[in-house]
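These notes concern the structure reproduced below.
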Amino acid sequence: MSWSGRVFESVGKVGAFSARVLMDAFRPPFEIAQLSRQLAEVGNKSIALIVVSGFALGAVMTLHTRNTLVTFGAAAMIPAVQAVSFFVEIGPLVAGLLLAGRVGSGIGAVLANMRASEQIDAIESLSIDSFKFLVVPRVLACVIALPLLTLFMDFAGLLGGFLSEALASRISPELYLNRAFENLQWSNFIAPTLKTAVFGFIIGSVSSYFGFTTNKGAKGVGEAATNSVVIASLLIIVADVLLIKCIFFLFPDTAI
Amino acid sequence: MTISPNIAVQFKNVTKAFGEKRVLNDVSLHLEQGQVLCLLGRSGTGKSVTLKIIMALMRPDSGEVWVDHENLAGLSERGLSAVRKKLGYLFQDAALFDSLTLYENLALPLKRLTNKSKEEIDDKIHHVLLAVGLGSDSAKYPSALSGGMRKRAGLARALVLDPKILLADEPSSGLDRITASEIDELLLRCKEQHGTALIVVTHDVHGTRRIADRVAVLDRGDLVAFGSVEEVAQSENDVARRLIAE
Amino acid sequence: MPGRYLAVGIFIVAGLSLFVLGIFLVGNRHEAFSQHVLLYSDFTDLDGLTKGSKVRVAGMDAGQVTQIHVPDSPTSRFRVQMRINEQLHGLVRTDSIVTIDTEGVVGETFLSIHSGSPGSPIAPPDSILQSKPPIAISDLMTHGLGVMDDADATLKLLGGKLNTSLDGVNVAVQNANDVLVGLKEGKGPAGMLLRDEKMADQIRDTMTNVQSTTSSLKQAASRMNGIVKDIQERQLPEKIDGTMTQVRAASTEANSTMQLVHQSLNQALGPDIDGVTAAQNISETLTNVNAATGNMAEDTEAIKHNFFFKGFFSRRGYYSLSSISPGQYRRNKLFVNANGRRSWFTSDALFQPGVHGTEELSAGGRQTIDAAIASYGDAVFQHPIIIEGYSDAGGPADQLARSYNRAFLVRTYLEARFPFVAKNVGVMPLSSTPPPGLNHDHWSGVCISVTEKK
């Protein structure tokens with residue numbers, strides 16, 4: 001089969017896989033215990049990564065923008081620039097990419113390993129729907145956890161920005177907070193945060209697809225992990241473009 | 001060959017292929033309740049596939065598979081679930097769930113397939129683990145167990161539902177002889193104490209000679225010999241004779 | 001297992017808390033959860049103002065423009081609907097002016113509601129506020145300089161004119177008084193009027209009117225401070241312009257009125273052949289005085305809105321309550337009038353401790369005040385009321401502060417409860433010492449004094 005043929009085939013398979021996730025997510029039985037286990041895996045264990053990167057990124061952002069803004073006499077805009085850039089784009093996108101790296105590879109590797117070591121057959125032999133048992137909770141956990149992690153990222157970035165700015169200009173936290181949220185609209189906050197649920201779905205379903213459908217034994221584990229991260233990250237960035245267009249369409253006043 | 005009403009598993013002209021490659025070619029065999037059938041054959045000759053077809057993890061392309069007087073082809077998912085409840089499956093590498101403790105690994109089938117109370121489940125797991133010699137390891141994760149212990153744990157999970165038929169995929173592979181014979185002992189004990197029918201995929205001739213009532217030899221998808229150990233040892237088929245030779 | 005649920009629970013709760021925090025912080029800016037008031041204003045030129053533009057009240061972010069109704073003909077104007085935070089509503093008075101301003105030199109356009117004068121009532125919800133068209137800065141500079149020159153010249157002119165006019169008022173009042181005294185003593189050509197009770201009443205009323213006009217001068221002067229500040233801070237040349245016109249008209253009218261009064265009184269007091277004619281003369285004269293002083297009341301009201309006359313008024317003894325000291329107040333016969341009715345209240349009867357160590361009116365105190373006001377009857381609404389606050393706790397400064405606070409609490413309550421005209425109700429903090437001659441040497445509480453003439 002030609003190269004493009006294989007690409008279209010993969011797209012079709014991932015699409016069908018994702019559609020099955022969506023349908024199974026709303027069909028009982030619901031694997032609540034599994035969902036909670038995956039939330040702990042995806043959410044709790046990512047907090048440290050997300051908060052530390054957000055904090056560092058926030059500090060760096062302020063270091064870079066500060067000079068330019070001060071040159072134009074817009075020092076008062078520093079908190080607003082920080083807040084808007086984090087809440088609108090940096091927070092959601094970076095949180096999505098970090099999670100694609102950490103969780104996407106994890107899901108890909110774990111599922112591929114379960115496939116290779118016959119654990120998935122073992123689950124099926126218990127008359128448990130392995131798709132609902134393994135895939136759906138992982139995707140749902142990503143969908144739920146990523147918006148929350150994005151919020152951690154946003155506020156950590158704001159904190160990093162504040163500390164960086166406070167060291168330079170001794171700004172008070174109240175003033176920083178006031179200025180930061182002065183230019184923020186509802187649509188700047190809620191829509192970008194919720195769009196990360198779509199990122200979460202991409203991470204969960206793409207990496208589950210690679211892990212769940214591998215049939216190459218132990219060799220497939222590494223391959224599934226790599227594919228998961230690469231494809232999920234790529235799709236997140238592409239989806240981001242579309243989602244931002246959608247947000248602009250729904251909330252025209254956020255587009256300047 | 002007469003077929004007694006006490007048949008546990010029966011294959012009637014079963015064929016299974018993956019793409020071009022035929023892994024089972026018109027295979028017919030049967031096993032009576034309380035007997036041990038050892039499946040021999042070179043690697044990649046459809047032995048594991050045979051077990052998975054019995055477990056209804058795969059469907060044959062043609063032919064009939066009867067398990068405990070039920071034709072698998074005619075069963076719904078619910079019916080298959082009922083059949084699977086009578087089966088235990090010891091996977092090649094035990095296939096214990098990495099993310100669950102030993103206790104949780106054993107509790108999962110009980111929780112999913114029975115209506116036992118928490119106390120009954122605890123009690124059952126305790127007994128099964130004692131029986132396989134892992135009484136004190138219930139809180140450990142599979143990664144903390146040695147190869148032999150994993151096999152026992154896998155066996156414990158296969159036995160926890162008191163199956164009428166136990167399927168074992170290379171129970172002694174990767175183990176030293178002593179440990180392997182310990183596993184064989186456990187399998188024999190199942191047969192003797194509970195009248196369980198066993199289908200064991202194995203390369204271990206020594207073990208086969210000890211436990212097998214029946215031996216089936218598969219070669220490139222074909223059933224080349226089927227009968228008692230002696231019958232197979234005197235088979236006309238060269239592969240079968242060589243596999244069973246000590 | 002329970003540990004895992006706990007961890008997941010903490011993760012979810014923490015994440016959701018951040019979400020709520022974010023919504024709150026964003027929402028705080030946009031006043032989503034606070035009470036709002038809708039107000040309107042009309043503009044011929046929007047200067048780039050759009051739906052969603054900020055609205056500031058006295059420079060503080062208060063809300064946004066929620067709707068702009070586009071006119072259908074060039075003669076009508078844009079109707080702008082703005083939604084402002086209830087908390088800032090108190091600053092928006094009926095005389096507040098709405099302007100369209102620009103942030104910085106190139107910043108965005110926003111609506112600015114300037115806080116009104118304290119004497120005007122709070123602009124009711126859905127009311128239409130006055131607007132002022134946006135001013136180009138260069139226009140403002142040119143215009144402002146010209147107006148200032150103009151104002152200067154006008155003031156010099158007016159200073160002389162008004163001085164004469166008010167001297168005239170004093171003389172007129174003195175003369176009228178003389179007439180009355182003469183009448184009472186049965187002297188003069190109009191002696192027969194003694195028997196005419198109706199005429200005597202009319203004369204008496206007229207005199208009262210003259211007196212209350214002068215006292216209203218004092219009462220209303222308190223508004224002046226606010227307006228002075230307003231004009232100085234905002235430098236609104238248009239407003240100064242308007243005020244100047246007002247002053248000019250008022251002074252002209254006052255001048256001609258006084259001439260009339262002079263003429264009439266001279267006529268009345270002159271030798272006359274016929275007593276009846278003299279009586280009619282007096283009657284007409286007094287009617288004239290009545291009308292003139294009525295006009296005068298309005299005119300002076302207008303004048304007092306202007307800060308230029310502050311010094312002038314105080315020199316002439318027409319005090320604003322806020323500008324005289326407690327000592328001056330105690331000595332002043334006008335306020336400490338034995339004829340006036342006073343109601344004394346102890347602090348225990350009116351107040352209860354409030355939050356942060358302040359005092360607030362108790363429920364019983366409100367009833368007590370209601371009862372006192374009821375006992376005055378309708379007359380209480382037509383006479384100046386001064387609420388004297390007293391306190392004997394703490395040092396002199398504490399006493400002064402607390403006595404002011406007490407008087408202020410009662411005044412606020414009265415204004416909210418009864419249809420008092422704000423300029424008629426004054427407060428006077430007197431520490432612990434009431435004015436002499438009132439049978440109270442020492443007091444802690446409040447005294448409501450109605451400067452009613454008998």
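The values are calculated or read from the model by the stated rules, or taken from the named source; none is laboratory data. Note that this is a predicted model, so its numbers are computed, not measured. So basically every Cβ, Gly included, is an ideal-geometry build from the backbone, and we count neighbours across all protein chains shown.
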Checklist (1) modelled with pLDDT of 85 or more; (2) within 14 Å of chain A (Cβ to nearest Cβ); (3) in contact with a Gly (Cβ under 6 Å, 6 or more places away or on another chain) applied to B:ARG150, failing item: (3)
From the options C:MET141, C:MET148, residue that is touching a Pro at 6+ places or on another chain (Cβ under 9 Å), surrounded by fewer than 17 Cβ atoms within 10 Å (Cβ to Cβ) and either modelled with pLDDT of 75 or more or not in a loop (DSSP other than H, G, I, E, B) (or both): C:MET148
Boolean, A:LEU134 is in contact with a Gly (Cβ under 9 Å, 6 or more places away or on another chain) and within 22 Å of A:ALA95 (Cα to Cα): no
Any hit, the range C:354-367, residues being modelled with pLDDT of 80 or more, within 17 Å of C:PRO326 (Cβ to Cβ) and either surrounded by 17 or more Cβ atoms within 10 Å (Cβ to Cβ) or not acidic (Asp, Glu) (or both): no
Answer residue from the range C:358-388, given it is in contact with a Leu (Cβ under 8 Å, 6 or more places away or on another chain) and polar (S, T, N, Q) and is farthest from C:ASP398 (Cα to Cα) among those: C:THR368
Meets criteria (in the same structural domain as C:SER127 (by TED's automatic domain parsing) and part of a strand (DSSP E or B)) for C:ASP45: no
Output for the range B:202-222, where each listed residue is in a strand (DSSP E or B) and surrounded by 23 or more Cβ atoms within 10 Å (Cβ to Cβ): B:VAL215, B:ALA216, B:VAL217, B:LEU218
Among (1) within 27 Å of the chain's Cα centre (by Cα); (2) modelled with pLDDT under 90; (3) acidic (Asp, Glu) - the single one A:GLU118 does not satisfy: (1)
Meets criteria (within 14 Å of another protein chain (Cβ to nearest Cβ), crowded, with 21+ Cβ neighbours inside 10 Å and farther than 25 Å from A:VAL238 by Cα) for A:PHE189: no
Of all residues making up the range B:187-204, the number that are modelled with pLDDT under 85 and among the aliphatic types (A, V, I, L, M): 0
Selection count, the range C:386-401, where residues are in a helix (DSSP H, G or I) and either touching a helix residue (DSSP H, G or I) at 6+ places or on another chain (Cβ under 9 Å) or among the hydrophobic types (A, V, I, L, M, F, W, C) (or both): 3
Failed item in (1) under 17 Å from C:SER444 (Cβ atoms); (2) outside any helix (DSSP H, G or I); (3) of a type outside the set (A, V, I, L, M), with C:HIS383 passing the rest: (1)
Criterion violated by A:ALA33 - all others in (1) within 14 Å of chain C (Cβ to nearest Cβ); (2) farther than 29 Å from C:GLY22 by Cα; (3) touching a residue at least 40 places away in the same chain (Cβ under 8 Å); (4) surrounded by fewer than 18 Cβ atoms within 10 Å (Cβ to Cβ) satisfied: (3)
Any chance B:ILE183 is buried (at least 22 other Cβ atoms within 10 Å of the Cβ), of a type in the set (Val, Ile, Thr) and in contact with a Pro (Cβ under 6 Å, 6 or more places away or on another chain): yes
In the range B:150-196, residue nearest to the chain's Cα centre (by Cα) [restricted to those that are among the acidic types (Asp, Glu) and within 13 Å of B:ILE211 (Cα to Cα)]: B:ASP184
Count of residues meeting criterion [touching a helix residue (DSSP H, G or I) at 6+ places or on another chain (Cβ under 8 Å), more than 21 Å from A:PRO137 (Cβ to Cβ) and not in a helix (DSSP H, G or I)] in the range A:1-52: 1
Helices (runs of 4 or more DSSP H) completely within the range A:84-175 that count 2 or more residues being under 30 Å from A:VAL70 (Cα atoms) and within 12 Å of another protein chain (Cβ to nearest Cβ): A:91-99, A:136-169
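Across the range A:178-193, what is the number of residues that are in a helix (DSSP H, G or I) and touching a helix residue (DSSP H, G or I) at 6+ places or on another chain (Cβ under 7 Å)?
11
Okay, residues lined up against (1) in a helix (DSSP H, G or I); (2) surrounded by fewer than 15 Cβ atoms within 10 Å (Cβ to Cβ); (3) modelled with pLDDT of 85 or more; (4) within 14 Å of chain A (Cβ to nearest Cβ):
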{"position": "B:ASP93", "(1), (2), (3), (4)": "no, no, no, yes"}
{"position": "B:SER99", "(1), (2), (3), (4)": "no, no, yes, yes"}
{"position": "B:LEU106", "(1), (2), (3), (4)": "yes, no, yes, yes"}
{"position": "B:PRO109", "(1), (2), (3), (4)": "yes, no, yes, yes"}
{"position": "B:LYS124", "(1), (2), (3), (4)": "yes, no, yes, no"}
{"position": "B:GLY135", "(1), (2), (3), (4)": "no, yes, no, no"}
{"position": "B:LYS140", "(1), (2), (3), (4)": "no, no, yes, no"}
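Can you tell me how many residues within the range B:38-82 are within 11 Å of chain A (Cβ to nearest Cβ), under 21 Å from B:ALA216 (Cβ atoms) and part of a helix (DSSP H, G or I)?
Of the residues in that region, 4 qualify.
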Index of the failed condition, B:ALA153 passing every other in (1) surrounded by fewer than 23 Cβ atoms within 10 Å (Cβ to Cβ); (2) under 30 Å from B:GLY133 (Cα atoms); (3) among the small types (Gly, Ala, Ser): (1)
Residue in the range B:8-21 that is over 28 Å from B:LYS151 (Cα atoms), hydroxyl-bearing (Ser, Thr, Tyr) and touching a residue at least 40 places away in the same chain (Cβ under 8 Å) present: yes
Residues (more than 25 Å from A:ILE50 (Cα to Cα) and either buried (at least 17 other Cβ atoms within 10 Å of the Cβ) or touching a Pro at 6+ places or on another chain (Cβ under 8 Å) (or both)) located in the range A:153-174: A:ILE171
Condition met for A:PHE251 (of a type in the set (Phe, Trp, Tyr) and within 14 Å of chain C (Cβ to nearest Cβ)): yes
Residue check for C:SER449: of a type in the set (Ser, Thr, Tyr) and either over 25 Å from C:ALA397 (Cβ atoms) or modelled with pLDDT of 85 or more (or both): no
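Every residue, every condition in (1) at negative phi; (2) loosely packed, with under 15 Cβ neighbours inside 10 Å; (3) assigned to a helix (DSSP H, G or I), yes or no:
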{"site": "A:VAL198", "(1), (2), (3)": "yes, no, yes"}
{"site": "A:ILE202", "(1), (2), (3)": "yes, no, yes"}
{"site": "A:VAL206", "(1), (2), (3)": "yes, no, yes"}
{"site": "A:GLY211", "(1), (2), (3)": "yes, no, yes"}
{"site": "A:ASN215", "(1), (2), (3)": "yes, yes, no"}
{"site": "A:GLU223", "(1), (2), (3)": "yes, no, yes"}
{"site": "A:VAL230", "(1), (2), (3)": "yes, no, yes"}
{"site": "A:ALA239", "(1), (2), (3)": "yes, no, yes"}
{"site": "A:PHE249", "(1), (2), (3)": "yes, yes, yes"}
